[in-house]
1. Looking at the chain as a GNM with Cα springs under 10 Å, which of Ala368, Ala121, Ala317 has the largest mean-square fluctuation?
2. Between Glu285 and His209, what length comes free when the chain is fully extended (0.36 nm per residue of separation minus the Cα-Cα distance, one decimal in nm)?
3. Please list 3J(HN,Hα) in residue order for segment 65-71, calculated via the Karplus relation 6.51 cos²θ - 1.76 cosθ + 1.60 where θ = phi - 60°; whole Hz, with x for glycine and proline.
4. Where does each of Trp57, Trp150 land when they are ranked from fewest to most other beta-carbon atoms within 10 angstrom?
5. Amide H neighbours of Glu249 under 5 Å, counting only residues 5+ apart in sequence or on other chains, H built in-plane at 1.01 Å?
6. In whole Hz, what ³J(HN,Hα) sequence does segment 360-375 give by Karplus (6.51, -1.76, 1.60; θ = phi - 60°), x for Gly and Pro?
7. Please say if the chain is rounded, prolate or oblate, where rounded means a/c under 1.5 for a ≥ b ≥ c the square roots of the C-alpha gyration tensor eigenvalues, and otherwise the choice is prolate for a/b larger than b/c and oblate otherwise?
8. Considering amide H positions built from the backbone, and no H for Pro or chain starts, which residues 5 or more places from Ala100, or on another chain, come under 5 Å of its amide H?
Amino acid sequence: MNINMLEKYADLILRTGLNLRKNQILLINSPVECAPVTHVIAETAYRLGAKDVVIVWKDELFSKIRFTYAPEDVFDEFPDWQKEMYMSYLRQGAAFLSIAANDPELMKDVDPVRMMKAQTASSTALKEYRESLMSNQNVWCVISVPTASWAKKVFPELEEAKAVEKLWEAIFKTVRVDQADPIEAWKNHKFNLKQRMNYLNAQGFKSLHYRNSLGTDLTIELPEAHLWLGGSEFTPDKTEFIANIPTEEIFTLPKKTGVNGKVVSSRPLNYNGHLIDNFSLTFKEGRIIEFSAEKGYESLKSIIETDDGSHYLGEVALVPYDSPISNSKILFYNTLFDENASCHLAIGKAYPVCLKNSGSLNIEELEAAGVNDSLLHEDFMIGTADLEISGINKFDQIVSIFKQGNFVI
């Protein structure tokens with residue numbers, strides 16, 4: 001670990017990612033393996049004027065033990081005190097940082113049904129908290145740092161220490177910390193994303209059509225009042241933040257009942273320590289009616305069967321094949337990075353902020369507008385070097401958006 005680079009990374013996360021304000025509380029969800037990095041971020045936050053830093057530690061090795069040996073009914077419960085903790089900090093206007101770093105195959109021998117029970121209990125208990133973040137009521141950001149097991153999965157040919165070092169180098173590059181002034185580099189990056197976002201919003205697309213040689217042939221209708229977002233986002237009081245570092249995507253929401261055809265995955269999906277690979281989904285009037293997977297079928301099934309909303313899509317995201325993470329030729333086995341190397345979709349809950357005036361709509365009105373709701377939001381990658389996307393705009397013109405995997409706009 002290069003301490004100078006790490007300090008630049010922490011500074012970028014807090015000043016650009018979260019736009020941390022003086023006297024604001026910072027809550028960090030962190031794997032225990034990431035403690036040295038988490039401590040640097042916490043120290044930096046205090047130096048920037050944070051009122052306090054709260055760290056919620058996650059221990060995935062213990063989680064595996066618990067999923068393997070605990071009575072099954074335990075996973076139907078979620079502690080009230082944990083729910084109240086998150087809601088308390090939410091009400092205090094805290095900033096929320098999550099470190100997404102786990103062993104991609106640690107849970108491969110764990111019953112996915114047990115894991116889904118725990119996921120459902122957690123998502124149900126924390127529904128208000130999750131909805132607040134997805135509606136940008138508080139600033140939030142997801143980042144990652146290497147762990148030994150993850151690094152060895154990405155670079156299996158290297159010794160552990162070398163694998164971790166190489167993964168650090170890859171992360172620093174993809175988040176632009178390797179540049180002389182990362183914060184200025186992100187200002188330029190946000191500007192470039194906004195240019196494409198503004199073009200897509202001006203077109204007012206009614207639908208998109210995806211095709212590639214893997215077998216994807218999918219039509220996605222968009223709600224009339226949809227908005228494309230990308231780069232930075234804003235809270236109701238206009239505080240700017242970046243939800244994912246890195247980010248290369250421009251995204252919106254699909255019309256819940258307007259998805260038809262077949263889509264084929266282009267990269268493995270790491271879901272709760274289970275790898276799902278070479279899978280496809282078939283849609284009719286928005287709903288998944290068929291699915292298959294060469295690897296991780298039961299995990300894919302558990303995702304889709306979380307609730308009724310998890311049978312539908314909640315996000316449409318555009319990422320050029322010719323982008324920094326894709327060009328690295330590294331398969332990260334981590335959705336935060338892999339989704340920013342590829343066009344992707346998400347099963348489950350839509351981001352209400354992708355609909356104009358969504359803050360004034362209740363649940364029934366959002367549903368009527370085509371906004372999907374679910375306990376789950378799970379991204380999966382579909383972008384390829386030969387992906388073509390066209391759209392029908394508000395003038396009923398057919399407009400080419402992607403050719404050979406890249407924007408033509």
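1. Of Ala368, Ala121, Ala317, the Gaussian network model singles out Ala368 as fluctuating most.
2. Length gained, Glu285 through His209: 25.9 nm.
3. Going residue by residue, I get 4, 5, 5, 7, 10, 6, x Hz, with x marking Gly and Pro.
4. Numbers: Trp57 13, Trp150 26.
Fewest to most other Cβ atoms nearby, the residues stand as Trp57, Trp150.
5. So Glu249 has HN proximity to Gly231.
6. Values, residue by residue: 9, 9, 8, 4, 5, 5, 5, 4, 5, 7, x, 8, 7, 10, 6, 6 Hz.
7. Taking the square roots of the gyration eigenvalues as a ≥ b ≥ c, the chain is rounded.
8. Ile143, Ser144, Val145
Each reported figure results from applying straightforward, stated rules to the coordinates on display, with no laboratory input. Everything numeric in this text was worked out from a predicted model, so none of it was measured. Here the Cβ is made from the backbone with ideal geometry for all residues, glycine too, and neighbour counts use every protein chain on show.
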